[in-house]
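The values are calculated or read from the model by the stated rules, or taken from the named source; none is laboratory data. Keep in mind it's a predicted model, so treat the numbers as computed, not measured. Glycine also receives a Cβ, built like all others from the backbone with ideal geometry; neighbour counts cover every protein chain displayed. Just so you know, the surface numbers come from the protein's heavy atoms only, side chains and all, with ligands and any DNA or RNA stripped out. Shrake-Rupley method; radii C 1.70, N 1.55, O 1.52, S 1.80 Å.
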Amino acid sequence: MPKTIGLICGSLRKNSYNRIVAQSLTDMSDDAQFRWIEINDLPLFNEDLEIGGDPETVTSFKSAIQDVDGIIIVSPEYNSGIPGALKNALDWASRPPKTSVISRKPVGLIGATPGGLGTAFAQMHIRQILEAMQAQVLPFQKVLISQVHEKIDSDQKVLTDEKTKRYLERYLQQFIHWIDQTSVLN
């Protein structure tokens, strides 16, 4: 049975490089189906907003996370770190701390940038946050796509670089296997 994988893009920009990379994953495996989990309508995290129950957008966001077998976060790097909108989304996903929807959830990380380091700093930051949330991040695997602007067709909004596609296909298969491994542990 195919795994259901949630895709979270750390960039809010409609045609971001990272959204194009994430979209390319949806055609790479018959062993997975994908659902977008959007973060752009989430309010800024504030515990006061939880008092009467989560806002509707937060409830929908958490339900979307709960309903998938695993999550792949595809994110740019802003100023050597995580985008603020993604950090905000992860803060909401971490609540309540002892029973959060992301605790024990398999998570994969991918990042793309026009720069040369391929989001290495952002991914270290995201891993640190996810570790604190007790998410199960795919270990030892990194997808750091540098010079992404040379690997996509911006007009068609598609990934064109065959080497990058093959790497993403292998990563996706490893992530699907990781979902199976973590389900045994949970």
**Study point:** Anchor LYS14: lysines whose Cα lies under 16 Å away (excluding residues fewer than 8 positions away in-chain)
**Key:** LYS157
Exercise for review: Kindly give the semi-axes, whole Å and largest first, of the ellipsoid equivalent to the chain, taking each as the square root of 5 times a Cα gyration tensor eigenvalue.
Suggested key: 25, 19, 15
**Study point:** Residue-count net charge about GLY81 - beta-carbon cut-off 15 Å; Lys, Arg +1, Asp, Glu -1
**Key:** 0
Practice item. Give the carbon-plus-sulfur fraction of the accessible surface of the chain in %, rounded to a whole number; probe 1.4 Å, heavy atoms of protein chains only. Key: 49 percent
Practice item. Of the DSSP beta bridges with both residues in the chain, give the percent that are antiparallel, rounding to the nearest 5. Key: 15 percent
Exercise for review: Please compute the net charge surrounding ARG19, taking Lys and Arg as +1 and Asp and Glu as -1 over other residues with Cβ under 12 Å from its Cβ.
Suggested key: +2
Review point. What figure in square angstrom, to the nearest 10, would you give for the accessible area of ARG13 with a 1.4 Å probe?
Key: 130 Å²
Study note, to complete from the structure: Pseudo-spin-label distance GLN66 to ASP41, built 7 Å along Cα→Cβ, given in nm, is 1.8 nm
**Study point:** Residue (of PHE61, ALA22, LEU44) at the positive-pole extreme of the stretch 1-72, dipole from beta-carbon charges
**Key:** ALA22
**Study point:** Mean separation of Cα contacts under 8 Å (6+ apart) over length of the stretch 4-44, as relative contact order %
**Key:** 58 percent
Practice item. Quick one: of LYS3/LYS98; LYS98/LYS165; LYS105/LYS165; LYS62/LYS151, which pairs are farther than 31 Å apart, Cα to Cα? Key: LYS98/LYS165; LYS62/LYS151
**Study point:** Relative contact order, percent, the stretch 3-185 [alpha-carbon distance under 8 Å, six or more residues apart]
**Key:** 24 percent
Practice item. Please build a GNM for the chain, connecting alpha carbons under 10 Å apart, and tell me which residue among LYS142, LYS105, LYS14 fluctuates the most. Key: LYS14
Check your understanding: About its Cα centre, how strong a charge dipole does the chain have in debye, to the nearest 20, once Lys and Arg get +1 and Asp and Glu get -1 at the Cβ?
Key -> 400 debye
